[in-house]
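K.L.:
This structure is in structure tokens; I'll ask about it shortly.
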Amino acid sequence: MRALFIVNPQATTTTSRTREVILGALASELDVTVAATEYRDHAGELARQAAGNGYDLVLSLGGDGTVNEVVNGLLATPSGLVRPRYAVIPGGSANVFIRSLGVPGDPVEATGVVLEALREGREREISLGRITSDKDDRYFTFCAGFGWDADVVQQVENERAQGRRATPALYAEVAVKLFFQGDIQDPSLSVVSRGRSLVGAYFAIVTNTTPWTYAGALPLQPTPSSRFELGLDAFALTHTSPAITGWILSQMFFPKGLPARGDGYVTWHDQDSLQITSSHPRAFQIDGEYLGDREQVNFQSVPKALRIIC
């Protein structure tokens with residue numbers, strides 16, 4: 001089997017020695033070509049060209065940003081060509097997507113799982129989320145966020161540009177700082193779904209699986225019923241007092257996640273499509289990558305969009 005191994009050399013939790021071990025394991029069972037990413041969306045370009053270059057399988061080593069680029073590249077495979085299957089090896093700080101699949105967060109162990117799945121012919125079809133706006137037409141694997149969480153992602157990216165590592169502690173520090181600075185106190189968002197609408201939300205997220213994200217080893221689950229095999233789920237915060245917000249966040253840490261109904265928030269489950277608008281531009285992110293400010297984004301569930309080896 002011919003495989004393209006896309007490697008992000010800036011992956012935060014791997015070393016050159018780890019990458020050599022992983023490559024050695026893959027090369028023992030696959031005809032592997034390695035391609036290192038050099039700039040933003042390079043992984044997407046490589047994945048988009050993979051079918052035309054005769055690859056049956058695309059693997060990637062990197063974080064959720066690398067995964068998102070590869071997925072969007074694969075979904076742009078030219079018509080008439082067979083889209084390669086995909087396998088993910090974690091190399092980022094959070095690795096939400098791969099952990100949601102049930103694959104180990106350790107890159108060497110995850111490589112063993114991928115090779116075992118290939119030997120056994122084990123794969124999984126998953127749905128994806130798709131966003132469209134006046135600036136976007138792309139897919140996300142596990143979440144998209146409008147407002148506060150996107151502000152946090154943007155600020156963390158700024159901190160990383162200044163040399164700080166994107167650790168769970170940094171995300172928590174930035175989230176608390178922005179909350180008490182009042183960045184969340186902006187009820188500009190409206191959410192519209194099939195037969196139901198909400199006006200006056202402070203921030204909103206749309207999920208394709210659970211969890212929304214991780215705080216270290218702990219999953220945060222605002223939409224615990226979200227699954228790769230179903231439509232999209234969503235959560236919107238409607239009150240922002242420290243007491244109510246603190247209670248809501250604490251419930252997300254529980255094993256069963258946040259209840260579907262409660263004070264201070266609204267949730268949606270298994271939706272084919274949703275639309276979120278803002279009365280003025282707000283920060284927006286997908287899969288932990290800041291995209292900029294948006295005023296309207298349309299969301300669509302794309303069933304069985306991708307074959308994953310896991």
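The values are calculated or read from the model by the stated rules, or taken from the named source; none is laboratory data. Since the model is a prediction, treat every value here as computed from it, not as a measurement. Glycine also receives a Cβ, built like all others from the backbone with ideal geometry; neighbour counts cover every protein chain displayed. Only protein heavy atoms, including side chains, enter the accessible area calculation; ligands, DNA and RNA are left aside. Shrake-Rupley method; radii C 1.70, N 1.55, O 1.52, S 1.80 Å.
K.L.:
Restricting attention to the range 281-310, and to residues there that are at positive phi and buried (at least 18 other Cβ atoms within 10 Å of the Cβ), which single residue is modelled with the highest pLDDT?
P.N.:
The qualifying residue modelled with the highest pLDDT is Asp287.
A quick yes/no check of all residues on (1) within 26 Å of Val82 (Cα to Cα); (2) open to solvent by 20 Å² or more (accessible area, probe 1.4 Å); (3) without any contact (Cβ under 8 Å) to a residue 60 or more places away in the chain:
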site: Gln10; (1), (2), (3): no, yes, yes
site: Thr13; (1), (2), (3): no, yes, no
site: Leu26; (1), (2), (3): yes, no, no
site: Val32; (1), (2), (3): yes, yes, yes
site: Asp41; (1), (2), (3): yes, yes, yes
site: Gln49; (1), (2), (3): yes, yes, yes
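K.L.:
If we scan the range 143-156, do we find a residue that is over 24 Å from Pro281 (Cβ atoms) and either touching a residue at least 60 places away in the same chain (Cβ under 8 Å) or buried (at least 23 other Cβ atoms within 10 Å of the Cβ) (or both)?
P.N.:
no
K.L.:
Against the condition part of a loop (DSSP other than H, G, I, E, B) and either surrounded by 16 or more Cβ atoms within 10 Å (Cβ to Cβ) or among the charged types (D, E, K, R) (or both), how does Thr77 come out, does it pass?
P.N.:
Judged against the criteria, Thr77 is a match.
K.L.:
Can you find a residue in the range 104-125 that is more than 20 Å from Ile22 (Cα to Cα), of a type outside the set (Asp, Glu), under 20 Å from the mean Cα position of the chain (by Cα) and not in a helix (DSSP H, G or I)?
P.N.:
yes
K.L.:
Oh, and also: Scan Leu218, Leu249 and give me the residue that is free of Cβ contacts under 8 Å to residues at least 60 places away in the same chain and closer than 17 Å to Gly145 by Cβ.
P.N.:
The unique qualifying residue is Leu249.
K.L.:
Quick one: which strands (runs of 3 or more DSSP E) sit completely within the range 199-258 and have at least 1 residues that are open to solvent by 10 Å² or more (accessible area, probe 1.4 Å)?
P.N.:
Of the strands (runs of 3 or more DSSP E) lying wholly inside the range 199-258, those with at least 1 residues that are open to solvent by 10 Å² or more (accessible area, probe 1.4 Å) span 213-215, 218-220.
K.L.:
If you don't mind, there's one more thing I want to ask. Is there any pair linking a residue in the range 188-201 that is under 16 Å from Asn298 (Cβ atoms) to one that is β-branched (Val, Ile, Thr) and surrounded by fewer than 17 Cβ atoms within 10 Å (Cβ to Cβ), with Cβ under 6 Å and at least six apart or on different chains, and which?
P.N.:
Ser190/Val199
K.L.:
Scan Ala11, Ala43, Ala94, Ala25 and give me the residue that is small (Gly, Ala, Ser), closer than 25 Å to Phe142 by Cβ and modelled with pLDDT of 95 or more.
P.N.:
It is Ala43.
K.L.:
A further question follows. For Asp263, indicate whether it is charged (D, E, K, R), open to solvent by 50 Å² or more (accessible area, probe 1.4 Å) and part of a strand (DSSP E or B).
P.N.:
no
K.L.:
I'd like the full set of residues that are crowded, with 17+ Cβ neighbours inside 10 Å and either assigned to a helix (DSSP H, G or I) or among the charged types (D, E, K, R) (or both), limited to the range 126-135.
P.N.:
Arg130
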